[in-house]
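Contents: one structure, followed by commentary.
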Amino acid sequence: MRGRRNEKKKFSRIIAFLSLVVIILTSIGLTSKSNAEKVNLGLDLQGGFEVLYQVEPLKDGQTIDEAAVKATADTISRRINILGVSEPVITVESGNRIRVELAGVKDQETARKVLSTQANLTIRDIDDKVLLDGSDLEENGASQGFDQNNKPDVNLKLKDADKFGNITSEISKRPQGQNLMVIWMDFNEGDSFKAEAAKEKPKYVSAPQVAQTINSKDVQITGNFTVKEAKEMAALLNSGALPVKLTEIYSNSVGAQFGADALHQTVYAGAVALAIICLFMLIIYRVPGFVASVMMVAYVYITVVFFNMISGVLTLPGIAALILGVGMAVDANIIMYERIKEEVRAGYPLKKAYLDGAKQSLWTIFDSQFTTVIAAIVLFIFGTSSVKGFATMLLLSILVSFITAVFGTRLLLSLLVNSNIFNNHPGYFGVSKKSIHETKFGINSLNLSTKFEWLSFTKHMKKFFALSIAIMIAGSISLGMNKLNLGIDFSSGTRIDVAANTELSVDKVQEDLNNLKVKDEKIVLSPDKKQATIHSKESFGQEKSIEIKEYFAKKYEKDANLSVVSPVIGKELAKNALFALMYASIGIIIYVAFRFEWRMGLTSVIALLHDVCIIIFIASLLRLEIDITFIAAVLTIVGYSINDTIVTFDRIREHMRHEKVLTSKEQIYKLVDVSLRQTLTRSINTVLTVIITVVVMLLLGSSSIYSFNVALLIGLIFGLYSSLFVAAQLWAVLKVRELNKKGKIEMNARKSPKERRENDKVLV
């Protein structure tokens, strides 16, 4: 009877597991398309226009305060309605700056004009004396109409008919040729009617003759308007004149086709990376690998749902953060699975091995991911535009990956473990029977042997330190000789991205630039030679930018993208990057010191700065472009590469708790060696999964985030190197110094069996 009940219980849990998997995957399959369609795409994925304005006084003595900037932002918001843009992003930055992001705008020339024009209507005489201005108009008193010849015009409704009558009466008495009312939009200092009248295309709108007094509130502005132009003028007048002067200090325009291609390439790369990681997990971890694969798919789905709930705007770096989160979710699973495998190898039953492994890995997972949270928060605070979007997605990815790995994975895995179907089949959990010890020998996870017993990490640590110092010296020399290849984000200037259906060449693009009279700093072709990136130290104005875009669109039948950065912005970005790195490092030191000890916090950050320096040195050697996405990658590494260091320090701390006292240098070195050997497999596997993601993104993803992916790849490789050969060894050196001062280091006594049993309890 008991056996029959056990059989029923076994199959009921298996059925529950399969049912949950089917429900999860079916739900995702049925709703993923609708959720994907709800995602708000940034301008780099659907095309559009981004511009950063600096608000400056329009008149001498004018004060630019919070109220003036807000009023300007409100006026810009009303004008955007003219363009018919859905969900524009208008952000006030640094007190006197306004950033406008218009995703989906196709006519970027019109957008620029509509946003930046003063919309300051004035009616003047031929001597440029102001007769009427925008303040004389009734609110929303402008409209598009047609004149007596059925040509489009702009109708104005004035506040005071008597005032207009007096003005027209005076003007009508002047001689022929002087009885003109000159209508201006955005009259600037130095403009004059007499100078403009001699031109084929004068700046003023029209200059009608006044032959008699007109006592009316209704005024018609006639000119060579199209219906669209007349409607835009009327809408601009109704939106109100800008109370300030707007100076463009940064702009970025992305063609719709360019954005669509980038989206397709990056999503495809992400799907391929996810498939490869799932295959990797299945091969290495078998049944737990299958559970991890299911939860990875769930992770992507849940992250997108949450992102939609907070009305986030998905950018290209945001997709990179989402895919990077896949690697982080896998990392959490690997940490737990390796602990379970250790307990199984120690001879414990599968159920106890699962409970112990889950419990022991929880804080390790939390610590490793929280350090990345610190870097992401710093990125969010100091980042702008797409970098802030990257940070938002990274924070959300970390949260969801923790939830899916800690709760989702454990729920599914507990059903399988508690079914007892795998009790005598450790191979399904990636453990060979030959490696399992009998419990009578008293072996636990801390004294298990590994296949890396021949490795001594501390014996050769001076060689590793020397290698790191040599790399630093060589890198410093290279940096001094080659300098950094600063992108326009930091050096100021213009970046032009050109796309074509046929192969491009440097000579061909150079000829185009010569025709446009653009001096290039550098021309870089994509691997398929169908895209070219041009860097120019010149910061082009609106007219030149429009000319360039029209030229390439006409010649190659694809939109060109332009990013213009002023020197002011370049300096600020460089400053913010340094502050971000500093604050992230301080935050990590504080947290690691709090959770472990200050020596571990200090050595962790030294290792991180070591990785950052190497990334910068190699970037200099390879002439990688240093832009804001590169900095985002570096800061991501600051948070991410510490994962393996945390795992190692966690194991060192665990070994230390089982020691009563440290009395010799050899004892400390042994602690480090054993800990590194025992965590080597999970360190390699965790980094490998993320490297797979980055390599696929590098090969198949958009060229727009090439520097981002290269920086991540370099950072991950050297992050693993510093975790294995630098951080723990530096800690050992500091610990030996403490030992020499104190004579011995007393450790906390090992917990009682009862206390250990209490700690082993895990809620599932």
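Every number in this text was worked out from the coordinates using simple rules, so none of it is lab data. Worth saying up front: this structure is predicted, and the values here are computed from it rather than measured. Note that each Cβ is placed from the backbone with ideal geometry, even for glycine, and that neighbours are counted across all protein chains shown.
By other beta-carbon atoms within 10 Å, ranking D125, D191 with the fewest at the front produces D191, D125.
Write down the percent of antiparallel bridges among all DSSP beta bridges whose residues are both part of the stretch 121-239, to the nearest 5.
On the way: 19 of 19 bridges.
Rounded to the nearest five, the antiparallel share is 100 percent.
Compute, for the stretch 286-401, the length of the dipole vector about the Cα centre, with Cβ point charges of +1 (Lys, Arg) and -1 (Asp, Glu) only. Units Debye, rounded to 20. Present the calculation step by step, with values, prior to reporting the outcome.
Working: 8 positive and 6 negative charges, 45 e Å.
Dipole size: approximately 220 debye.
Scalar couplings 3J(HN,Hα) for the stretch 470-476, obtained by applying the Karplus form with A = 6.51, B = -1.76, C = 1.60 to θ = phi - 60°, are 4, 4, 4, 5, 4, x, 5 Hz; x denotes Gly and Pro. For A36, put the label point 7 Å out on the Cα→Cβ axis and report which residues of the stretch 298-318 keep their amide N under 14 Å from it. The answer is 300-302, 304-305.
Give, as a single signed number, the net charge of other residues whose beta carbon lies under 14 Å from the beta carbon of M461, with Lys and Arg counted +1 and Asp and Glu -1. Don't skip to the end; give the middle numbers.
Numbers: positive: K459, K462, K463, K665, K670, K735; negative: E666, D673.
Charge balance in the 14 Å sphere: +4.
Distant-in-sequence amide contacts of K151, defined by a placed amide H-H separation under 5 Å and a gap of 5 or more residues or a different chain, comprise nothing.
Note that the stretch 38-51 has calculated 3J(HN,Hα) couplings of 7, 5, 7, 7, x, 5, 6, 10, 10, x, x, 9, 10, 8 Hz, one per residue in order, obtained from phi through the Karplus relation 6.51 cos²θ - 1.76 cosθ + 1.60 (θ = phi - 60°); glycine and proline are x. Tell me which trypsin sites (Lys or Arg not before Pro) from the stretch 18-61 have a DSSP coil assignment and no more than 11 other beta carbons within 10 Å of their own. In loop regions of the stretch 18-61 (DSSP not H, G, I, E or B), the sparsely surrounded trypsin sites (Lys or Arg not before Pro) are K59. Across all directions, the average projected area of the convex hull around the alpha carbons of the stretch 493-565 is 4.2 nm². The HN-Hα couplings worked out from phi for the stretch 606-618 by the Karplus form 6.51 cos²θ - 1.76 cosθ + 1.60 (θ = phi - 60°) are 4, 5, 5, 5, 4, 5, 4, 4, 5, 4, 5, 5, 5 Hz, whole numbers, x standing for Gly and Pro. Full extension of the segment from S311 to R653, taken as 0.36 nm per residue of separation minus the current Cα-Cα distance, would add 118.9 nm. Charges were assigned to the Cβ only: +1 to each Lys and Arg, -1 to each Asp and Glu. The resulting dipole of the stretch 493-565 about its Cα centre is roughly 80 debye.
Since only T681, V696, I717 are under comparison, the one whose Cα sits farthest along the positive direction of the charge dipole of the stretch 634-743, derived from C-beta charges on Lys, Arg, Asp and Glu, is T681. Based on alpha-carbon atoms, the Kirkwood radius and the radius of gyration of the stretch 121-239 give Rg/Rh equal to 0.94. The alpha carbon centroids of the stretch 682-731 and the stretch 344-417 are separated by 18 Å. Amide H to amide H distances under 5 Å link L41 with L314, where only residues 5 or more positions off or on other chains count and H is placed in the peptide plane.
Listed from fewest to most Cβ neighbours within 10 Å, the set E557, E654 follows the order E557, E654. Scanning residues 5 or more positions from H460 or on other chains, none has an amide H under 5 Å from its amide H, with H placed 1.01 Å from N in the peptide plane.
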